[in-house]
Amino acid sequence: MGRESVVVVPDIGDFKDVEIIEILVNPGDTIKADDSLISLESDKAAMEIPSTLGGTVKELKVKLGDKVSQGSPILTLIVEDTASEGAAANEEPPAAPPAAEAKPEPEAPVAKAEPIAVRPEPAPAAAAPVPMPPAPVESGAAVPPHASPSVRRFARELGADLTRITGTGAKGRILKEDVQVYVKARLQQPERAPATVLGFPEPVEIDFSQFGAIERRPLSRINKLSAAALHRAWVTIPHVTQHDEADITDLEEFRVSLKKEAERRDVKLTPLPLIMKAVVAALKAFPKFNASLAANGEELILKRYYHIGFAVDTPDGLVVPVLRDADQKSVFEIAAELGEMGVKARGRKLRTPDLQGGTFTISSLGGIGGTSFTPIVNAPEVAILGVSRAQTKPAYRDGQFVPRLMLPLSLSYDHRVIDGAEAARFITHIVQMLADLRRILL
Ligand code: CAO
């Protein structure tokens, strides 16, 4: 047994002819008093209209896009005699006239529907009784997402961030379906690498094929390993790079003079073994550069061995084999070992121990070109020397310009461990030794 009642739009303040942007119930639905029936949206606010009674929805009197004011009929409801609850529990509403003749009056005393500000403009201080989703970080005057209160609630329940959802409704309004599509897409995304401590936003998946032809190539294992190590070092180490130039005119003359002997020993003598010798001498003079920061961040671990890593370019990506005890080896021995390890690296023959235990790294792009670059510290080391291509340049000596072979050097270092002045002294030391290798004996 039930009687028919008409539920109408209650007092909504000064709002008139407000558009219905959402209908939240259907004929046949059983609802309780206070359940939301429709969402309205004016230029300034959105609000949900709650039911004053509980019962079964018989017929909707409105459709999407209709404009309503206070008193407009929303729907007819079959109200069970015992079913009234909430605000209407103590009311005995009059028997409803046929729907067509229904007077647009509220059935029972109703709480005013609270408007909710949905526009960014002159928002009064108290205009947002529901928490807004966080505004995009980059925008101080962020535009809040355009969505009805029920959609906001729905998104909140699912933990979906409305600022990341594109609305497909009128004027870009976010619909319930948009939230569903977004959540579904997020659930289907493959697991990503764990976020960094810096909490960067996840990269956005872009379909580049929409702009032109593409080809997808999987990264090699080495690419992936070095990418992770480089990324970690880049974001966790405060890097500074100090640049300088060494006059290697005499060194080059010396190297060329050794070429015959190198050939006899079946090694290729490039500038790198000589640079490595100078670096080892500088590491002995500046032990901090041959150290690692302890994991607790409170101690520096100085190493009394000199294992020098050197970057090798391979078809599979960058690898850094380690030449052990460089201080105990001759220039020819170093040259021979560099050659052997380079061949091993390109033939994928390096073993894990070949890549471990480095105390300092040299990255030489001198055989390729360039004037300077900023190498990334090979953690847990604290510094790395980048070597670019030597060039003959005019140098001012004794009142005139003379041609000198200048070698560009770029020292990147961990500024938590090394001060700028120390770095400048260290690289100056290397520059002096390369200018005159006899200084290594001092
Ligand atoms: N200035 C001018 N010429 C240089 C030079 C420099 N700084 N360094 C090397 N050269 C010359 C060499 O003398 C050699 O000349 P010749 O062929 O006429 O004798 C030529 O450049 C090629 O040298 P190389 O690169 O074969 O030898 P290397 O000892 O300098 O390097 C190795 C050895 C294994 C490091 C190298 O083979 C290699 O892989 N280099 C790439 C380094 C790299 O990828 N670094 C990564 C940087 S970070 O991503």
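The values are calculated or read from the model by the stated rules, or taken from the named source; none is laboratory data. The structure presented is a predicted model; accordingly, all values stated were derived computationally and were not measured. Ideal geometry is used to build each Cβ from the backbone, glycine not excepted, and the neighbour counts take in all protein chains shown. The area values use the complete protein model at the heavy-atom level, side chains included, leaving out ligands, DNA and RNA. Shrake-Rupley method; radii C 1.70, N 1.55, O 1.52, S 1.80 Å.
Of all residues in the stretch 251-261, those satisfying the criterion of being open to solvent by 80 Å² or more (accessible area, probe 1.4 Å) and among the charged types (D, E, K, R) are Glu253, Lys259, Lys260.
Taking the listed residues Thr270, Thr241, the one that is within 15 Å of the ligand (Cβ to nearest atom), β-branched (Val, Ile, Thr) and under 31 Å from the mean Cα position of the chain (by Cα) is Thr241, with no other qualifying.
Return a yes/no flag: does the stretch 386-400 have any residue that is away from the ligand (no atom under 16 Å from the Cβ), assigned to a helix (DSSP H, G or I) and among the hydroxyl-bearing types (Ser, Thr, Tyr). Scanning the stretch 386-400 turns up no residue that is away from the ligand (no atom under 16 Å from the Cβ), assigned to a helix (DSSP H, G or I) and among the hydroxyl-bearing types (Ser, Thr, Tyr).
Listed by first and then second residue, the pairs linking a residue in the stretch 9-21 that is closer than 18 Å to Thr52 by Cβ to a residue that is in a strand (DSSP E or B) and open to solvent by 60 Å² or more (accessible area, probe 1.4 Å), with Cβ atoms under 8 Å apart and 6 or more places separating them unless they lie on different chains, are Ile20/Lys67.
Filter the stretch 1-41 down to residues that are in contact with a Leu (Cβ under 8 Å, 6 or more places away or on another chain) and of a type in the set (Gly, Ala, Ser), then give me how many there are. Residues flagged as in contact with a Leu (Cβ under 8 Å, 6 or more places away or on another chain) and of a type in the set (Gly, Ala, Ser) within the stretch 1-41 amount to 4. Pick out the one residue from Ala185, Ala170, Ala160, Ala228 that is more than 27 Å from His146 (Cα to Cα) and of a type in the set (Gly, Ala, Ser). Step by step, each of Ala185, Ala170, Ala160, Ala228 is checked, and only Ala228 is more than 27 Å from His146 (Cα to Cα) and of a type in the set (Gly, Ala, Ser). More than 13 Å from the ligand (Cβ to nearest atom) and free of Cβ contacts under 8 Å to residues at least 12 places away in the same chain: is that true of Pro380 in this structure? Criteria not met by Pro380. Among the residues of the stretch 5-24, those that are over 41 Å from the mean Cα position of the chain (by Cα) and not in a strand (DSSP E or B) comprise Val9, Pro10, Asp11, Ile12, Gly13, Asp14, Phe15, Lys16, Asp17.
The C-beta contact set for the stretch 244-270 (first residue in a strand (DSSP E or B), second residue of a type in the set (Lys, Arg) and within 13 Å of the ligand (Cβ to nearest atom), distance under 9 angstrom, 6+ apart or interchain) comprises Glu245/Lys393. Among the residues of the stretch 308-355, those that are within 11 Å of the ligand (Cβ to nearest atom), buried (at least 16 other Cβ atoms within 10 Å of the Cβ) and assigned to a helix (DSSP H, G or I) comprise Ile334, Ala335, Glu337, Leu338, Gly339, Met341, Gly342, Lys344, Ala345.
In the stretch 56-67, the qualifying residues are those that are open to solvent by 10 Å² or more (accessible area, probe 1.4 Å) and not in a loop (DSSP other than H, G, I, E, B), and the one that is nearest to His146 (Cα to Cα) is Lys67. When restricted to residues that are open to solvent by 100 Å² or more (accessible area, probe 1.4 Å) and assigned to a loop (DSSP other than H, G, I, E, B), the stretch 211-243 contains 7. Has the stretch 356-375 got any residue that is more than 8 Å from the ligand (Cβ to nearest atom), open to solvent by 50 Å² or more (accessible area, probe 1.4 Å), in contact (Cβ under 8 Å) with a residue 60 or more places away in the chain and polar (S, T, N, Q)? Within the stretch 356-375, one or more residues are more than 8 Å from the ligand (Cβ to nearest atom), open to solvent by 50 Å² or more (accessible area, probe 1.4 Å), in contact (Cβ under 8 Å) with a residue 60 or more places away in the chain and polar (S, T, N, Q).
So, of the residues in the stretch 287-307 that are among the aliphatic types (A, V, I, L, M) and either within 16 Å of the ligand (Cβ to nearest atom) or open to solvent by 20 Å² or more (accessible area, probe 1.4 Å) (or both), which turns out to be farthest from Gly366 (Cα to Cα)? Per the criteria, the residue is Ala295.
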